[in-house]
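First the structure, in the form of structure tokens, and then the observations on it.
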Amino acid sequence: MFDTALSSADLIFLAKGAGMTIVVTAISVAIGTVLGIVFGVIRVQLGTVYAAPLTFFLDIFRSVPLLIQLVLANAFMGMVLRLQFSGLTVACMVLSLYTAAYCAEIVRGGIDAVPTTTRRAARSLGMTWGQDMRHIVLPLATRVALPSWIGLALGVMKDSALVYVVQVTELLKSTQILITRLQEPMFLLLICGVFYFVISFPLARFGGYLEKRWSND
Amino acid sequence: MFGYTFQWNQALARLPKMLDGAVVTMEVAVLSMLIGILCAILLTLLRLSGSRSLRAVATGWVEVARNTPALFQIYMAHFGIASFGIHLSPFVSLLIGITFNNAGYLAENFRGALKAIPDTQIRAGRSLGMSQTQAFRYIIVPQMLRISFLPMTNQMVWAVLMTSLGVTVGLNSDLYGVTQDLNALTFRTFELFAIAAVIFYIITKIITLSARLIAARLFRY
Amino acid sequence: AKADKLDDIISSGTLRCAVVLDFPPMGMRDANNEPIGFDVDYCKDLAKVLGVEAEIVETPFPERIPALMSGRVDVGVASTSDTLERAKTVGFSIPYFAFEMVVTANDKSGITSFESMKGHTVGAVAGTFEGIALEKQVKAWGEGEYRPYQTQADVFLALSQGQLDATVSTSTVAMASVNSGKFDGISVVGKAPFDTDYVALFASRNEYGLINYLNLFVNQQIRSGRYAELYKKWVGGTLPSLTVPNAYR
Amino acid sequence: MIEIHDVHKSFGQLEVLKGIELTVDKGEVVTIIGGSGSGKSTLLTCINGLEPIASGRIVVDGTEVHAKSTDLNRLRRKIGIVFQQWNAFPHLTVLENVTLAPRKVLGMGKAEAEEIARTQLAHVGLGDKLATYPARLSGGQQQRMAIARALAMSPDYMLFDEVTSALDPQLVGEVLETLKMLAEEGMTMICVTHEMAFARDVSDRVAYFHKGVMAEIGVPDQIFGDPQHPETRKFLASVR
Amino acid sequence: MIEIHDVHKSFGQLEVLKGIELTVDKGEVVTIIGGSGSGKSTLLTCINGLEPIASGRIVVDGTEVHAKSTDLNRLRRKIGIVFQQWNAFPHLTVLENVTLAPRKVLGMGKAEAEEIARTQLAHVGLGDKLATYPARLSGGQQQRMAIARALAMSPDYMLFDEVTSALDPQLVGEVLETLKMLAEEGMTMICVTHEMAFARDVSDRVAYFHKGVMAEIGVPDQIFGDPQHPETRKFLASVR
Ligand SMILES: Nc1ncnc2c1ncn2[C@@H]1O[C@H](COP(=O)(O)OP(=O)(O)OP(=O)(O)O)[C@@H](O)[C@H]1O
Ligand SMILES: Nc1ncnc2c1ncn2[C@@H]1O[C@H](COP(=O)(O)OP(=O)(O)OP(=O)(O)O)[C@@H](O)[C@H]1O
Ligand SMILES: [Mg+2]
Ligand SMILES: [Mg+2]
């Protein structure tokens, strides 16, 4: 269909880029989710006033373009602190905090969705705070939060396209490298789009499915 | 402690230029939101329409907007579209890219909002003699607006943040573009981008705060 | 005494060079997407004399300095113009290459010379020597539009698509791109009256030992004939002089 | 005059109306009673053209409702309808709820529409709630507002579909009072209701629906005192 | 024995309990009645330490509830509480709802916990609903499940906070029956309720709360037959 100079080696090169996208996303989402849960729980426990500094800190990650966050973190780590981190490390650190900031909101929403009366009931059965969290809040909050969390994971995967600024060659950057060499922008971009779609569409569908299923009961 | 000497005055001297950039950033964001809302309404209607192909087009738009990176969409809006011989300025390309993204996300929100409004509302309107359009315009849309207001505010913030991707299509008059140019001239990376970050932060705060004020005025029910 | 950067490089066994890989023939990729080009070979030569392995770190033009400052690379071999403004932040070696600037135009634009670019939409790579100079010129003309793109590839892509009418770039990259046959309907139409763009290796500003070594290395490359050899391999034509008349450096 | 001739209507496989015949004269109050799912609501929504019919004719003041040429939006101005669910427009104040249709559909000016709305709202006892949003109203108040909203279009006919059945028991009375008042003022009305006392008090005729068929129709004394159809008897026994 | 001495408690500016004195002996059933906002629920949540108090002491079987050294989680195992809102854990079946706390808090094995749960659920009449999810239960069933859940911890005391007031009238009876049964079995109970007939039938003593003060306490016959405090009289007149 297309007359193209694209070789199988190039496809492997693209697949490697896609692999990097997945690696960056997986690491960041994993760390970011753990942090997000911790931050979210802390925010709920401390209440609006005492959690204000944390809220402000997390808010920064949602109010500044990711591109700038990456550039700044890179400059700060290397130029100011003189720490020699690889680009992948910096990318994952920034994306993890970025994920955590959004995840904390989701977690907070999930916990708030568990009625206080239900939690009181658990506590009055003699459950500790931890048991209440583990057996009552976690399962109930997960139902509320999981669809949004899947949305977040997808968002982070797409946003990971920006880590090229710290010299990480992910999917979109790999595509640009091939465009430089082969000069077939439209064709290559389409392939790149298909790659993204293939990674994210099933997850998106799964999120939609969960939302539908859980909204029914 | 630091192995780096900050030179803030070097960077601060460029603040007026950066503020000019912030104005361009706001222009793109506001325009992309306004057009994006119109497109989203259209997409929502198309997705409800009887025609299979119209529904497919609208659904395709929404899915691509939501499942590919914004950077990809903006790159497409410049270099992709140009493959068909259509030449757009960087400003317009960025605007189209962000608008495309906004419309996709908002259309999905609108659909959810629409589902949340009971059908009986339309019925009530129709039985007062309103036409379908009138019932939609006076009864459904205002209620949708309230449900979608918070998501729209978030989308507006994202639109502002997305303008930073304009550099990939040759825009250098927006806040990020200006900052990058200044960085190429002076190499004061940390200071310049820190200032840009603060400006972005202030812009997004202004947006969320004014949205809260508007919501308080608009939705008193 | 404390070990300096030069010691670090030697003891670590690798030399990490920032190279721009969409800037043919200085930096590009071969059919296996491996880095090749003048700058790549230059970095390998440097590694060889240091007795270490070369590691090519791809950096787009705007990211060269951040990459150095963040310690991700040791040396920039990245066709970087040695401006005084930049020298406030990084340390430059003596020039290791010099570019002539030429105008490349889309055939449909009717542009035949630098002067006739006036009033047209022109572009170059953001943050480069020629980019900054061209933007100034467009402002001086008072008409037309200047667009900076992130990479040299994007500039030629935009040019061949007709989004740009003309660009100013180094003669080497222009010839390489036009001759590649991948861009239809563009040609080099003449010289740009910009100063010769001397480019230098760069390292951290306070690493005198390393910068001193780089200076000697550049000098040795010329003396040994390696410079001419690489020039012939990647560029071809008359070897540009790397010294300025009536000046020492 | 509303004339209903041999109306049939199905939802998919399910035949919901099986040949309904009914004529309602100007000034008459007809009450429809019957079991759940017997097609009462469906008939009302067919009368004002919200639902299409499969066969038969419904004629309102000489206009055939389901004819292609009929301007339904114009026809509906004549026919007010109030539903079981309170369909207040939550984003509008009580006054705005009532003025919306007169202004947008009849093209009335703001002042004129508000004048009418005030009158109608006072009429249903909501004269002091003009600036309130529906969320602050009780169910009974919302239902009365819906009645005022329909009345503001000066309809010639009013259809009421179990307007009290979603209300708390203590709120039912106030809404029924409003309906009674309308009936006394001579409004032509079709009321679907489960309130038998109300049906007996207010109606000129009472119709009993059973599984899509109008099993019986007659004056209240006959229907409640001496029902003819065995199903009517069963039904009345069950609701007592 | 539950001893409450001069307990004060405020929410911000609002003083909700103003020096409550009350002793409940083993096997006694004390009912608390009183107007909305009089502090009844607050007192119950203070007794099992869900809310801190400002001053005074609450001592349960010799343990001071609000002492720093008290292990509240351990104390709460003794004191079952059931609230007005049905607090079923919606993600667990009825059986799992009841076994959760015995297993996680008391560290019981699964088999043992289920054994106990089955007994308690059968006790409250839910023996056939073990595998059902709460969403499928009526309000009364959910409330009975909550009682079984509390009983499964073998508490020495049970606190009931208006357990029937969020129920439809026809479901109230079944829950009150369950409470009566418990009282007859000799459980020590404090019940906050608006059901006067129930209070009269079941209680050993009835306390009347008014604006954070226990205005009056006595045997049911005295409180209902010959109330001393004027507010008690007013209140009883209003609920009749
Ligand atoms: N939009 C619809 N689509 C499919 N079936 C419908 C629809 N509306 C009503 N029905 C079915 O038509 C039958 C008659 O419904 P209708 O609402 O007219 O009954 P009703 O007499 O008003 O009952 P109720 O007293 O419960 O309101 C019912 O079986 C109902 O399920
Ligand atoms: N968590 C809280 N924060 C602030 N005020 C509260 C809180 N809980 C209760 N109150 C207030 O304390 C007062 C007493 O409340 P409480 O729930 O104890 O009353 P009650 O006697 O149980 O009333 P009801 O019969 O309505 O349940 C009320 O004015 C209530 O508004
Ligand atoms: Mg009905
Ligand atoms: Mg209470």
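Quick notes on this structure:
- D:Ile81 in a strand (DSSP E or B), of a type outside the set (Phe, Trp, Tyr), more than 22 Å from B:Arg220 (Cα to Cα) and free of Cβ contacts under 8 Å to residues at least 60 places away in the same chain: no
- Any chance E:Leu121 is more than 24 Å from E:Leu22 (Cβ to Cβ), more than 11 Å from chain A (Cβ to nearest Cβ) and away from ligand 4 (no atom under 16 Å from the Cβ): yes
- Flag for C:Gly119 being out of contact with any Lys or Arg (no Cβ under 6 Å at 6 or more places or on another chain) and modelled with pLDDT under 90: no
Conditions tested, residue by residue: (1) out of contact with any Lys or Arg (no Cβ under 9 Å at 6 or more places or on another chain); (2) away from chain C (no Cβ under 14 Å); (3) assigned to a helix (DSSP H, G or I); (4) surrounded by fewer than 21 Cβ atoms within 10 Å (Cβ to Cβ).
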residue	(1), (2), (3), (4)
B:Phe149	yes, yes, yes, yes
B:Thr153	no, yes, yes, yes
B:Thr168	yes, no, yes, no
B:Ala184	no, no, yes, no
B:Phe190	yes, no, yes, no
B:Tyr201	yes, yes, yes, yes
B:Ser210	yes, yes, yes, yes
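- Search result, residues across segment C:166-183 that are surrounded by fewer than 22 Cβ atoms within 10 Å (Cβ to Cβ) and touching a helix residue (DSSP H, G or I) at 6+ places or on another chain (Cβ under 6 Å): C:Phe183
- Selection of first residues in segment D:52-74 that are touching a residue at least 12 places away in the same chain (Cβ under 8 Å) and of second residues that are among the charged types (D, E, K, R) and exposed (fewer than 14 other Cβ atoms within 10 Å of the Cβ), restricted to Cβ pairs under 8 Å at least 6 apart or on distinct chains, gives the following pairs, ordered by first then second residue: D:Ser55/D:Asp6; D:Gly56/D:Asp6; D:Arg57/D:Asp6.
- Subset of segment D:125-137 [crowded, with 16+ Cβ neighbours inside 10 Å, within 15 Å of D:Ala88 (Cα to Cα) and not polar (S, T, N, Q)]: D:Leu126, D:Lys129, D:Leu130, D:Tyr133, D:Pro134, D:Leu137
- Flag for D:Asp61 being under 30 Å from D:Lys110 (Cβ atoms), more than 13 Å from chain B (Cβ to nearest Cβ) and not hydroxyl-bearing (Ser, Thr, Tyr): yes
- Wholly enclosed helices (runs of 4 or more DSSP H) of segment B:1-113 bearing at least 2 residues at pLDDT 90 or above, of a type outside the set (Ser, Thr, Tyr) and on the phi < 0 side of the Ramachandran plot: B:15-48, B:52-67, B:70-75
Condition check ((1) assigned to a strand (DSSP E or B); (2) more than 13 Å from chain A (Cβ to nearest Cβ); (3) away from ligand 3 (no atom under 16 Å from the Cβ)) across all residues:
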position	(1), (2), (3)
E:Gly127	no, yes, yes
E:Ala135	no, no, yes
E:Met153	no, no, yes
E:Met158	yes, no, yes
E:Val172	no, yes, yes
E:Gly186	no, yes, yes
E:Ala199	no, yes, yes
E:Ala207	yes, yes, yes
E:Met214	yes, yes, yes
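- Here E:Val7 fulfils each of the conditions (1) outside any loop (DSSP other than H, G, I, E, B); (2) away from ligand 2 (no atom under 15 Å from the Cβ); (3) more than 14 Å from chain A (Cβ to nearest Cβ) apart from (2).
Residue-by-condition table, conditions (1) within 16 Å of ligand 4 (Cβ to nearest atom); (2) at pLDDT 90 or above; (3) out of contact with any Cys (no Cβ under 9 Å at 6 or more places or on another chain):
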| residue | (1), (2), (3) |
| --- | --- |
| D:Val7 | no, yes, no |
| D:Val16 | no, yes, yes |
| D:Gly19 | no, yes, yes |
| D:Thr23 | no, yes, yes |
| D:Gly35 | no, no, yes |
| D:Ile47 | no, yes, yes |
| D:Pro52 | no, yes, no |
| D:Arg57 | no, yes, yes |
| D:Val60 | no, yes, yes |
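- Unique residue being under 17 Å from the mean Cα position of the chain (by Cα), closer than 24 Å to A:Ala91 by Cβ and in contact (Cβ under 8 Å) with a residue 12 or more places away in the chain when the list is A:Ile177, A:Ile199: A:Ile199
- Within segment E:68-93, the set of residues being within 16 Å of ligand 4 (Cβ to nearest atom) and either over 18 Å from the mean Cα position of the chain (by Cα) or within 8 Å of another protein chain (Cβ to nearest Cβ) (or both) comprises E:Ile81, E:Phe83, E:Gln85, E:Asn87.
- Looking at C:Cys17, C:Cys43, just one residue is in contact with a strand residue (DSSP E or B) (Cβ under 6 Å, 6 or more places away or on another chain), in a helix (DSSP H, G or I) and among the hydrophobic types (A, V, I, L, M, F, W, C), and that residue is C:Cys43.
- Inter-residue pairs, beta-carbon under 6 Å, first at the interface with chain E (Cβ under 7 Å from one of its Cβ atoms) and in segment A:116-141, second part of a helix (DSSP H, G or I) and among the small types (Gly, Ala, Ser), 6+ apart: A:Leu125/E:Ala101; A:Ile136/A:Ala122
- E:Gly37 falls short on exactly one of the conditions (1) more than 8 Å from every other protein chain (Cβ to nearest Cβ); (2) surrounded by fewer than 18 Cβ atoms within 10 Å (Cβ to Cβ); (3) away from ligand 2 (no atom under 16 Å from the Cβ), and that condition is (3).
- Given (1) among the small types (Gly, Ala, Ser); (2) in contact with a Leu (Cβ under 8 Å, 6 or more places away or on another chain); (3) within 11 Å of chain A (Cβ to nearest Cβ); (4) in a helix (DSSP H, G or I), number of the condition C:Gly71 does not satisfy: (4)
- Just one residue in the set C:Thr104, C:Thr151, C:Thr112, C:Thr121 is in contact with a helix residue (DSSP H, G or I) (Cβ under 6 Å, 6 or more places away or on another chain) and within 25 Å of B:Gly85 (Cα to Cα); that residue is C:Thr104.
- Filter pass, C:Val102 being surrounded by 21 or more Cβ atoms within 10 Å (Cβ to Cβ), within 14 Å of another protein chain (Cβ to nearest Cβ) and aliphatic (A, V, I, L, M): no
- Any hit, segment E:27-47, residues being away from ligand 3 (no atom under 16 Å from the Cβ), farther than 30 Å from E:Gln141 by Cα and out of contact with any Pro (no Cβ under 9 Å at 6 or more places or on another chain): no
- Between E:Val105, E:Val163, E:Val98, the distinction of being within 14 Å of chain A (Cβ to nearest Cβ), crowded, with 18+ Cβ neighbours inside 10 Å, of a type in the set (Val, Ile, Thr) and within 16 Å of ligand 4 (Cβ to nearest atom) belongs to E:Val163 only.
- Reported count of residues in segment A:53-101, each being facing another protein chain (nearest Cβ under 10 Å), polar (S, T, N, Q) and more than 21 Å from B:Thr204 (Cβ to Cβ), is 3.
- Checklist (1) within 14 Å of the chain's Cα centre (by Cα); (2) in a loop (DSSP other than H, G, I, E, B); (3) among the β-branched types (Val, Ile, Thr) applied to E:Ile53, failing item: (1)
- When E:Pro220 is tested against (1) touching an Asp or Glu at 6+ places or on another chain (Cβ under 9 Å); (2) away from chain A (no Cβ under 14 Å); (3) within 16 Å of ligand 4 (Cβ to nearest atom), exactly one condition is not met: (3).
The values are calculated or read from the model by the stated rules, or taken from the named source; none is laboratory data. Values in this document were obtained by computation on a predicted structure and should not be read as measured data. When we count neighbours, we look across all protein chains shown, and the Cβ atoms used for this are built from the backbone with ideal geometry, even at glycine.
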